[in-house]
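Novice: Would you mind keeping the following structure in view while I ask a few things?
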Amino acid sequence: MRKKMSLVTLVLILAAGAFAAAPDNMYRVVPAEHTGLQELPSGVVVYSTLGACGYNDVTGDFYTVLFGSTGQSIRKFTPDVFGPVYYEPTDIVDDDPGYPSTIDDIYGSSWMYASASDLPRVANADWDFSTGVTDFNLGGYISAGGFVVNPAPVTVDGIDYEAGELALITQHWYVRHYDPTGTFRIYEHDYDKIALLYDLRRIGSPTTELPDYDTGQDGTGGTGELWGAFGQADWNDVFRPLVSARMLFDVSNTYLDYPELSTLDYTSSHVFNYMRQGCWASDASAVYFAGSHKHYDCLEEPDEPGVWTEDVYGGGIWKVNLSDMSIELLLPAMSTSSSDRISTEVWSIHTSVRDFTGGTRTGEQIIFEGTGQTGNEGGLLCVVDDGTGDTTTYTVVDAELMEDLRGGLDSVYGVTCDPDGNVYFTLGSRAAFKYDTEGRVYALNNRGQYMCYNGDNNLSITSTHVYRLQYHDDVYGYPVLTHMTQAGDDAVGGIVVTKPCDFDRDGDFDIDDLNFFRDQRIYNDSLEIVMEDPEDPESDVYIAELNFDTPTQATVDYFKADINGTSEDYESISGTYYAENKSVDEYDAKVLYQFATPGDINLDGVVDMTDYNLFIADYPKVDGTVYSWTDGDFSFDGNVDSADAALFCAYWDSPDASLLWDLLINGDLKPDNTVDFADIALFSANYPEVDSGYDSTWGEGDFNDDGDVTAADLLLAIDNWLIN
């Protein structure tokens with residue numbers, strides 16, 4: 001029986017397990033010691049990098065895949081300790097000297113399932129694995145970018161697999177070798193296995209399952225050396241290639257406008273450099289992935305061979321039908337600009353779970369990052385697989401929403417969904433977000449928390465790259481978003497999917513959480529940005545209170561309130577890392593306003609006259625007392641004044657909102673108790689607004705209450721601007 005742990009217990013273990021303060025929503029799920037990335041007692045060091053990770057919801061096991069010219073492998077990890085783990089000396093039970101085959105420690109057990117010899121056999125094998133022919137001299141190896149286990153039963157090549165018995169592996173390395181003269185490389189794109197299936201058997205173990213060949217070759221000395229046997233799970237038994245680079249080139253070539261150049265240049269690489277994590281259809285009938293590649297060079301003039309002027313990038317969103325292994329390009333993305341390539345992880349969610357098409361389509365929706373070519377760049381789109389060939393895309397997460405809540409846009413790295421239809425994604429700023437079924441978005445964590453985590457665990461402070469998102473509804477008794485970290489920990493990490501804005505982690509969002517956020521906003525305003533060298537105005541700056549190497553509880557609390565995920569910059573001062581920018585500002589407040597509406601003093605979910613009467617009692621409140629939301633402090637500065645009245649007015653969707661106008665500073669649209677350029681910019685967005693068919697509000701710039709936004713309102717704003 002799988003053990004469970006409450007969220008409260010999680011917080012206690014984090015507090016007790018660290019010497020300094022640590023974020024209470026992050027931990028290691030699979031320690032680096034169990035991925036193969038550790039120094040062995042013999043002193044042998046494995047030089048490789050964590051390339052992919054996956055979780056089996058059926059068995060509760062984790063899988064990790066290393067890539068690199070040495071040390072590539074697949075390991076299975078079965079945890080014993082459920083919850084956050086920290087580095088401890090590992091007791092290695094090594095039954096394969098020189099490389100860890102089995103590891104047992106206080107966190108669990110892990111086993112080598114495919115070794116550094118097995119995966120090159122797969123990479124350099126003939127396409128028909130039943131022959132077992134492979135040759136290491138071809139120079140290929142597996143560089144995994146995704147490992148996802150099937151969510152439902154599926155039949156492949158006449159063999160039935162239950163849910164949790166088959167994994168999709170996507171990878172982007174190529175097979176290449178030198179020509180006979182040794183002067184240039186030949187790329188064998190027919191061998192490039194861009195996507196494979198793996199049936200989770202341990203190579204070398206006894207087996208009674210199919211396929212079971214006795215033809216597998218060793219490959220280390222060229223072809224011909226027999227390695228496999230019946231009754232043994234060999235490399236060519238457990239893996240099945242799905243698509244080669246050549247197959248994808250042939251499909252995408254039909255979408256290009258350069259028929260005179262249909263032959264690939266086999267002396268250069270056309271590798272799929274962006275083969276990140278793919279996904280399964282909800283019924284496991286197909287797999288999807290995003291793959292973009294440099295297709296070939298294009299001639300300016302067909303009669304001028306050798307005059308190369310531009311590159312064409314092909315690919316897009318791909319589908320492989322597992323019933324007949326046919327390949328479809330669901331969404332072509334062809335461009336001469338590399339920035340138009342679709343290069344993110346993808347995830348599929350059926351319209352029956354959450355419909356992003358507005359009821360116009362039925363089928364699998366494959367979610368991906370928007371580009372300059374597709375639109376919604378910096379947000380998420382989806383394309384629908386319903387058999388019609390319609391390539392229309394639909395907005396999943398609007399880039400304008402992200403820009404509004406964050407003050408800018410960033411690139412999407414990873415994406416996944418949960419069974420209820422919530423969407424999760426990470427940005428280039430290393431923050432993980434949840435886009436819930438009510439259309440609200442907030443950061444589950446942020447880079448500041450990653451850096452605090454790294455500092456608390458003696459890891460590389462600034463290494464916060466996060467990929468391979470997968471959601472698990474019940475790993476440790478609560479929802480967890482697992483991900484792969486690189487360089488900082490090279491381990492599988494976990495982010496607890498907490499209730500939004502539940503800062504005290506007690507399972508609800510209430511006045512205690514609002515007060516916590518207020519305290520961090522006040523703390524934010526008190527932070528001093530220090531210039532490293534006051535005599536050098538170009539010098540980098542830092543915030544001395546926000547130390548990442550030995551984070552204090554105050555620092556950890558502060559970054560917990562960064563719910564729009566903008567903590568990004570850092571500076572090293574004498575070898576110690578500090579935050580370089582303030583991170584808890586009015587944009588974070590805008591995120592919070594999705595869950596608590598300004599004006600709702602009594603927190604009953606409705607803004608009405610009851611709230612108004614509570615608000616104006618003893619208004620204003622600026623006597624030095626630190627007031628809270630239930631006193632009317634919606635701007636989180638500890639006071640109740642015109643800034644709060646402006647927020648109340650802006651969010652009160654009622655004619656009664658005009659009752660607040662006498663409390664406002666005309667022109668202070670931001671609001672921050674002053675009229676400045678930012679307010680004039682907001683005013684300009686609605687100016688002029690005359691006879692529009694509806695009455696404008698004070699929050700839109702109608703300061704004289706005549707229903708329009710005109711020069712008369714601008715003059716009122718300018719009067720206060722001049723006073724300031």
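Read-outs throughout are calculated quantities, based only on the coordinates presented, and are distinct from any laboratory measurement. Since the structure is predicted, the reported quantities are computational estimates derived from the model, not experimental observations. Every residue, glycine among them, receives a Cβ derived from its backbone with ideal geometry; neighbour counts consider all protein chains shown.
Novice: Report the normalised scattering of region 599-724 as log10 I(q)/I(0) at q = 0.10, 0.17, 0.18 Å⁻¹, calculated by the Debye formula with identical scatterers on the alpha carbons.
Specialist: -0.30, -0.84, -0.93
Novice: To the nearest whole percent, what portion of all C-alpha pairs in region 665-724 is separated by more than 14 angstrom? Could you put the intermediate results ahead of the total?
Specialist: On the way: 788 of 1770 pairs.
Everything past 14 Å amounts to 45 percent.
Novice: Taking the Cβ of each residue in S635, S101, S411 as the centre, tally the other Cβ atoms inside 10 Å and list the residues starting with the fewest.
Specialist: Details: S635 24, S101 20, S411 14.
Lowest count first: S411, S101, S635.
Novice: From Cα pairs below 8 angstrom and at least 6 apart in sequence, can you work out the relative contact order of region 511-588, rounded to a whole percent?
Specialist: Details: 104 pairs, mean separation 24.8, N = 78.
Reported relative contact order: 32 percent.
Novice: What full-extension length gain, to one decimal in nm, is calculated for E400 and V58 as 0.36 nm per residue of separation minus the Cα-Cα distance?
Specialist: Values: separation 342, 0.36 × 342 = 123.12 nm, distance 3.85 nm.
Extra length available between E400 and V58 comes to 119.3 nm.
Novice: Could you put Y313, Y542 in order, starting from the residue whose Cβ has the fewest other Cβ atoms within 10 Å? Show your work: numbers first, answer last.
Specialist: Details: Y313 21, Y542 24.
Sorted ascending by nearby Cβ count, the order is Y313, Y542.
Novice: Starting with the fewest neighbours, write out W235, W318 ranked by other beta-carbon atoms found within 10 Å of each beta-carbon. Please list the in-between numbers first.
Specialist: Numbers: W235 27, W318 30.
Taking fewest neighbouring Cβ atoms as first place, the list is W235, W318.
Novice: Just how many % of Cα pairs in region 510-637 lie over 20 Å apart, if you round to the nearest whole percent?
Specialist: Details: 4252 of 8128 pairs.
Result for the distance tail: 52 percent.
Novice: Assigning unit charges at the beta carbon (Lys, Arg +1; Asp, Glu -1) and nothing else, what dipole magnitude in debye, to the nearest 20, does region 665-724 show about its Cα centre?
Specialist: It works out to roughly 240 debye.
Novice: Given the peptides 626-633, 118-125, 203-210, arrange them by the average over their residues of other C-beta atoms within 10 Å, most packed first. Working shown, then result.
Specialist: Working: 626-633: 19.8, 118-125: 26.0, 203-210: 14.2.
Ranking, from highest mean packing down: 118-125, 626-633, 203-210.
Novice: With the contact rule set at Cα under 8 Å and sequence spacing of 6 or more, what percent relative contact order holds for region 665-724? Show your work: numbers first, answer last.
Specialist: Numbers: 92 pairs, mean separation 22.0, N = 60.
Relative contact order here is 37 percent.
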